[in-house]
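For reference, the structure is listed below as structure tokens.
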Amino acid sequence: MRVAIIGGGVPAAVHAWTAVLRGHTVTQLDDGAPIAGSGALRAGSVAAADLERAAHALWLWREIGGRVPGVGFRLSGSITVARTRAELAVAEAAAADTAREFTLLEPERARALEPALRGPLLAGLHCGADAVLTPHQTVPALRAHLAGTGRFTARGCSARALAVAAEGVLIRADDGSALAADVALLCPSPGRDALAREFTGAEPVPLLRAQRLRTGPLERRPDAILADGDQFRHRPGYPREPVARLSAEQAQTAAAAEFGMHVLAVPRLDGGLTLGATGEGEPFPAELAEPAAEHLLAVTGELLEAELTVRGRWAEVACAIERAPWLAPSGRILVLGSAGPDATLFAPAVAELAADRLGL
Ligand SMILES: Cc1cc2nc3c(=O)[nH]c(=O)nc-3n(C[C@H](O)[C@H](O)[C@H](O)COP(=O)(O)OP(=O)(O)OC[C@H]3O[C@@H](n4cnc5c(N)ncnc54)[C@H](O)[C@@H]3O)c2cc1C
């Protein structure tokens, strides 16, 4: 079949991968540079109902990483650092959950596993199910691999209109070109789903904004993803009661509270880190908040006892909630309008589902 994919982020590239793998010919329309995310695949801290899907998605990422080393997939694990009694209580309760790959590490064991961890800590909660991608390399590496099959083409243009006919779909682009395909997948950026909404009639999904920093190379770069104890408040995979006690008993810093932050440090291949994550709600001010950036640098600096330099700074927008793929009654158009903050993690599992639903 001829498959058209509209959108160019990591999820869209994975949809292209899945369709080509199943023997189809893909043309992708993309009008910009994807943001690509932090590259953290946090499969171990998803909601209980998503654990199986996350494990499957991670297994698929592993397979993709094995075939396309350029995506930079690595089963890095993660360590969430507990620095207070209330954070330690969450870590202890989490480690008792046998459904998850959590291990509670005494400070010495945490430092033995991750020598870059130099700052004071009461314990580290290791998660063996977490992994990293090198996000800015993922899309180009997948595209280059797919181009080598002779069944993949990427066009740099914007899809403006989509019409369904008996024999397929016709897409009109802003450069005046048209593309005829048998089926189409719409993977628009969060907040740019007007074309998709024309079909689904769905209300727009609320958005979240994350601020990211890229540091320069470190003398001792961590191998694992590192997070501070505020991660317990923001990811759905930790036990509720101790998290509620943590929220009630321990105030966050002013910046962390104002910008919905936890600190996440994701190792990059160049020896630096990608730092996040804020979770600001709409409306987003034009400027990226300085106190949020300062908090990210200060906490990471404390965890590593290192001076950090900033080499890049940007914002990412994600849909606040995940919405299931919508299949048009014709069976020819699938809209992936809202994949949520774990869009990158779940992408290969969602791509399988999408391909099944389109009969690919
Ligand atoms: C709070 C928060 C937490 C996050 N946590 C993580 C995390 O743990 N791990 C992680 O890896 N990431 C994380 N992210 C990042 C997030 O998963 C993705 O960056 C974000 O969802 C963007 O996804 P995307 O690839 O769909 O969109 P984009 O990166 O914006 O890519 C879409 C592409 O499609 C193109 N496009 C859109 N419409 C059209 C059209 N009509 N025609 C042609 N091209 C079009 C755009 O130009 C763009 O190039 C987080 C983000 C936030 C805000």
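Here are a few things to note about the model shown:
- For the condition modelled with pLDDT under 95 and outside any loop (DSSP other than H, G, I, E, B), Ala324 does not qualify.
- Residue satisfying all of: in segment 25-59; assigned to a loop (DSSP other than H, G, I, E, B) and open to solvent by less than 10 Å² (accessible area, probe 1.4 Å); farthest from the ligand (Cβ to nearest atom) among these: Val46
- Boolean, Ser177 is within 22 Å of Glu316 (Cβ to Cβ) and among the hydroxyl-bearing types (Ser, Thr, Tyr): no
- Restricting segment 213-227 to residues that are under 20 Å from Ser38 (Cβ atoms) and open to solvent by 20 Å² or more (accessible area, probe 1.4 Å) leaves a set whose member that is nearest to the ligand (Cβ to nearest atom) is Arg214.
- Any hit, segment 301-309, residues being open to solvent by less than 30 Å² (accessible area, probe 1.4 Å) and either under 19 Å from Val10 (Cα atoms) or part of a loop (DSSP other than H, G, I, E, B) (or both): no
- Unique residue being open to solvent by 60 Å² or more (accessible area, probe 1.4 Å), outside any loop (DSSP other than H, G, I, E, B) and of a type in the set (A, V, I, L, M, F, W, C) when the list is Ala248, Ala210: Ala248
- Glu241 falls short on exactly one of the conditions (1) in a helix (DSSP H, G or I); (2) open to solvent by less than 80 Å² (accessible area, probe 1.4 Å), and that condition is (2).
- Tally, over segment 82-100, of residues that are within 25 Å of Arg220 (Cβ to Cβ) and either open to solvent by 40 Å² or more (accessible area, probe 1.4 Å) or not assigned by TED's automatic domain parsing to the domain that holds Tyr238 (or both): 2
- Within segment 181-229, being among the charged types (D, E, K, R) and modelled with pLDDT of 90 or more holds for Asp182, Arg209, Arg212, Arg214, Glu219, Arg220, Arg221, Asp223, Asp228.
- Per-region count, segment 137-165, residues closer than 29 Å to Asp270 by Cα, free of Cβ contacts under 8 Å to residues at least 60 places away in the same chain and aliphatic (A, V, I, L, M): 1
- Residue satisfying condition, being open to solvent by 60 Å² or more (accessible area, probe 1.4 Å), under 20 Å from the mean Cα position of the chain (by Cα) and assigned by TED's automatic domain parsing to the domain that holds Ser338, within set Arg22, Arg62, Arg67: Arg62
- Looking across segment 251-288, the residues that are within 13 Å of the ligand (Cβ to nearest atom), under 23 Å from Arg85 (Cβ atoms) and assigned to a loop (DSSP other than H, G, I, E, B) come down to Met261, His262, Val263.
- Single condition Ala12 does not satisfy, out of (1) within 24 Å of Trp314 (Cβ to Cβ); (2) open to solvent by 20 Å² or more (accessible area, probe 1.4 Å): (2)
- In segment 134-143, residue nearest to Ala82 (Cα to Cα) [restricted to those that are in contact with a Phe, Trp or Tyr (Cβ under 9 Å, 6 or more places away or on another chain) and modelled with pLDDT of 95 or more]: Leu142
- Among the candidates Ala91, Ala99, the residue that is part of a helix (DSSP H, G or I) and in contact (Cβ under 8 Å) with a residue 12 or more places away in the chain is uniquely Ala91.
- Among residues of segment 323-349 that are more than 20 Å from Thr200 (Cα to Cα), those with a beta-carbon under 6 Å from a residue that is modelled with pLDDT of 95 or more and near the ligand (Cβ under 9 Å from one of its atoms) at least six positions away or on a different chain give the pairs Leu345/Leu41.
- Considering only residues in segment 127-165 that are charged (D, E, K, R) and either within 13 Å of the ligand (Cβ to nearest atom) or in a strand (DSSP E or B) (or both), the one that is farthest from His15 (Cα to Cα) turns out to be Asp130.
- Qualifying residue in segment 257-266 (condition: assigned by TED's automatic domain parsing to the domain that holds Ala93, open to solvent by 20 Å² or more (accessible area, probe 1.4 Å) and in contact (Cβ under 8 Å) with a residue 60 or more places away in the chain): no
- Residue count for segment 166-180 satisfying the condition of being of a type outside the set (A, V, I, L, M, F, W, C), assigned to a loop (DSSP other than H, G, I, E, B) and free of Cβ contacts under 8 Å to residues at least 60 places away in the same chain: 4.
The values are calculated or read from the model by the stated rules, or taken from the named source; none is laboratory data. Every value quoted in this text rests on a predicted model; they were computed, and no experiment measured them. Neighbour counts are summed over all protein chains in view; Cβ atoms, including those assigned to glycine, are modelled from backbone coordinates with ideal geometry. SASA here: full protein model, heavy atoms, side chains in, ligands and nucleic acids out. Shrake-Rupley method; radii C 1.70, N 1.55, O 1.52, S 1.80 Å.
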